[in-house]
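The values are calculated or read from the model by the stated rules, or taken from the named source; none is laboratory data. The structure presented is a predicted model; accordingly, all values stated were derived computationally and were not measured. Using ideal geometry, Cβ is built from the backbone for each residue, glycine included, and neighbour counts are taken over all protein chains shown.
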Amino acid sequence: MVRVSGYLRKGVSSAIRAPRKITLYMQNTQEISQESHATGSGVIHGPAVQHALLALMGRILQRGRVAHAYLFSGGGVSTRSAAAFFFARLLLCSRPQETCGLLTPCGVCIHCRKTAHGTHPDLFVCQSEEDGAIRIEHVRAIQKAVAFAPLEAERRVCLVHGCENMTPDAANSLLKLLEEPPASNHLFLTVSAVETLLPTIVSRCQILKCLSDPLTMDCFSPEEQAVLRIYPLQFWERLCAGDSEVVRGLLNLNFISVRDRFWRLMARKADISMFFQLTRELSESDAGVLCLKLLLMSVVLDIFLLKSGGDGLSLLLNQDRGQDLMAISGSISMPELEQYSERLERVEYLLERNINKALLVESMLAFWLERLSL
Ligand SMILES: [Zn+2]
């Protein structure tokens with residue numbers, strides 16, 4: 001999870017979550033997995049937020065960067081479990097399907113059928129017992145399961161639910177397993193909040209943050225609502241991973257004007273003085289820099305989607321800028337885009353080290369202006 005905290009000025013927000021990397025925001029995931037299984041085709045219907053989430057999971061698999069351990073935290077119990085189960089099915093499926101640029105389990109292969117019926121030998125599910133505790137016996141059972149190579153699939157997934165109720169013995173034992181992860185095995189832990197786990201466990205896992213409560217207008221004052229309505233609520237939900245505090249933070253930073261000016265620059269409808277004005281304004285505070293980062297991450301994510309082929313247009317976060325995005329995506333190669341997004345990931349690190357904010361903002365924006373002059 002990309003989590004930025006401590007930078008935004010008081011009363012603005014405590015956290016901004018960027019839309020890329022490992023923040024997966026889940027809503028009604030149970031419905032997603034049930035529906036995709038029911039249709040058998042793996043086609044996922046539903047709000048764009050779910051498409052963005054699935055696109056992220058698919059990219060993890062496509063890039064071959066599946067980590068040994070994932071931590072599904074936040075959201076409700078069923079949301080977390082469904083998210084973990086969906087990802088497990090995707091990893092075990094022998095021929096995930098790409099539909100509309102998304103990767104989903106096929107629903108018909110032998111692995112999909114067995115996972116759906118709970119009979120797949122390479123899907124190990126560890127559920128806490130009646131008192132809710134995960135004890136050392138449970139972890140021993142996992143250790144036993146992962147001691148051998150997967151039986152039928154290319155990999156094995158062990159789901160461990162309710163990790164917030166792990167006994168200290170079990171936690172230490174699990175830590176040992178995470179320290180020396182057996183090849184071809186993936187541990188998926190679900191937990192209400194990462195703070196309930198040993199930091200040493202958390203640091204060995206990739207965190208997939210689940211949010212279960214959809215953003216509603218009720219979260220905002222009438223004045224805020226009036227501004228928010230300029231864009232569809234779904235835009236804010238996806239941009240801020242459903243976090244109303246982050247939305248509020250962006251409103252206070254005049255996000256709509258920042259975004260508008262950015263796109264005017266991109267459409268060559270503004271002269272260079274706007275570039276300098278924007279740079280000056282955004283480099284006044286760390287929050288301003290992070291506001292820009294969030295905007296640029298959304299653009300990067302959209303271009304990734306466009307480049308991944310299929311009907312990328314309907315999945316874009318910046319729907320209203322589809323034509324501009326198409327135009328710019330042609331002048332950026334995938335390696336360039338990946339390199340740039342890695343630079344964006346380092347923004348908080350650089351701010352912590354007191355980098356010159358004006359130079360940072362200038363370089364973040366210059367990447368796009370250079371592409372325009374190609
Ligand atoms: Zn399958």
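Please name all residue pairs, on different chains or six or more residues apart, with Cβ atoms under 9 Å, provided the first residue is in the stretch 272-284 and is in a helix (DSSP H, G or I) and the second residue is at pLDDT below 90.
272/369; 275/369
Quick one: in the stretch 351-362, of everything that is surrounded by 15 or more Cβ atoms within 10 Å (Cβ to Cβ) and not hydrophobic (A, V, I, L, M, F, W, C), which residue is farthest from residue 298 (Cα to Cα)?
The extreme case among them is 357.
Hey, can you tell me all the residues within the stretch 172-204 that are in contact with a helix residue (DSSP H, G or I) (Cβ under 9 Å, 6 or more places away or on another chain), assigned to a helix (DSSP H, G or I) and more than 23 Å from residue 154 (Cβ to Cβ)?
Those that are in contact with a helix residue (DSSP H, G or I) (Cβ under 9 Å, 6 or more places away or on another chain), assigned to a helix (DSSP H, G or I) and more than 23 Å from residue 154 (Cβ to Cβ): 172, 173, 174, 175, 176, 179, 194, 195, 196, 200, 201, 202.
Residue 235 fails exactly one of the following numbered conditions: (1) buried (at least 21 other Cβ atoms within 10 Å of the Cβ); (2) under 17 Å from the mean Cα position of the chain (by Cα). What is the number of that condition?
The failed condition is (1).
Can residue 94 be described as among the polar types (S, T, N, Q) and away from the ligand (no atom under 16 Å from the Cβ)?
The answer is no for residue 94.
Looking at (1) within 17 Å of the chain's Cα centre (by Cα); (2) under 22 Å from residue 243 (Cβ atoms); (3) of a type outside the set (Phe, Trp, Tyr), which is the one condition that is false for residue 288?
(1)
Among strands (runs of 3 or more DSSP E) lying entirely in the stretch 82-148, which contain 1 or more residues that are β-branched (Val, Ile, Thr) and surrounded by fewer than 21 Cβ atoms within 10 Å (Cβ to Cβ)?
Hits in the stretch 82-148: 97-99, 123-126.
Within the stretch 155-189, can you find the residues that are among the charged types (D, E, K, R) and either without any contact (Cβ under 8 Å) to a residue 40 or more places away in the chain or touching a Pro at 6+ places or on another chain (Cβ under 7 Å) (or both)?
156, 164, 169, 176, 179, 180, listed by residue number.
Pull out all pairs, ordered by first then second residue, where Cβ-Cβ is under 9 Å, the residues are six or more apart or on different chains, the first lies in the stretch 347-374 and is not assigned by TED's automatic domain parsing to the domain that holds residue 271 and aromatic (Phe, Trp, Tyr), and the second is surrounded by 15 or more Cβ atoms within 10 Å (Cβ to Cβ) and not in a helix (DSSP H, G or I).
none
Does the stretch 118-135 contain any residue that is within 16 Å of the ligand (Cβ to nearest atom) and in contact with a strand residue (DSSP E or B) (Cβ under 6 Å, 6 or more places away or on another chain)?
Checking the stretch 118-135: at least one residue is within 16 Å of the ligand (Cβ to nearest atom) and in contact with a strand residue (DSSP E or B) (Cβ under 6 Å, 6 or more places away or on another chain).
Taking the condition under 23 Å from residue 263 (Cβ atoms) and either out of contact with any Pro (no Cβ under 9 Å at 6 or more places or on another chain) or surrounded by fewer than 12 Cβ atoms within 10 Å (Cβ to Cβ) (or both), does residue 348 pass?
Here the answer is no, as residue 348 does not meet what is asked.
Mind listing just one residue for me: the one in the stretch 250-271 that is of a type in the set (Lys, Arg) and free of Cβ contacts under 8 Å to residues at least 12 places away in the same chain and, of those, surrounded by the most Cβ atoms within 10 Å (Cβ to Cβ)?
Filtering first and then ranking leaves 264.
Between a first residue in the stretch 315-341 that is farther than 19 Å from residue 55 by Cβ and a second residue that is outside any helix (DSSP H, G or I) and modelled with pLDDT under 90, which pairs have beta carbons less than 7 Å apart while being 6 or more apart in sequence or on different chains?
If the second residue must be outside any helix (DSSP H, G or I) and modelled with pLDDT under 90, the pairs left are 324/267; 331/374.
Counting just the residues of the stretch 289-330 that are assigned to a loop (DSSP other than H, G, I, E, B) and surrounded by 15 or more Cβ atoms within 10 Å (Cβ to Cβ), which one comes out modelled with the highest pLDDT?
In this case the residue turns out to be 318.
Considering every residue within the stretch 159-175, establish whether at least one is of a type in the set (A, V, I, L, M), within 13 Å of the ligand (Cβ to nearest atom) and in contact with a Ser or Thr (Cβ under 6 Å, 6 or more places away or on another chain).
no
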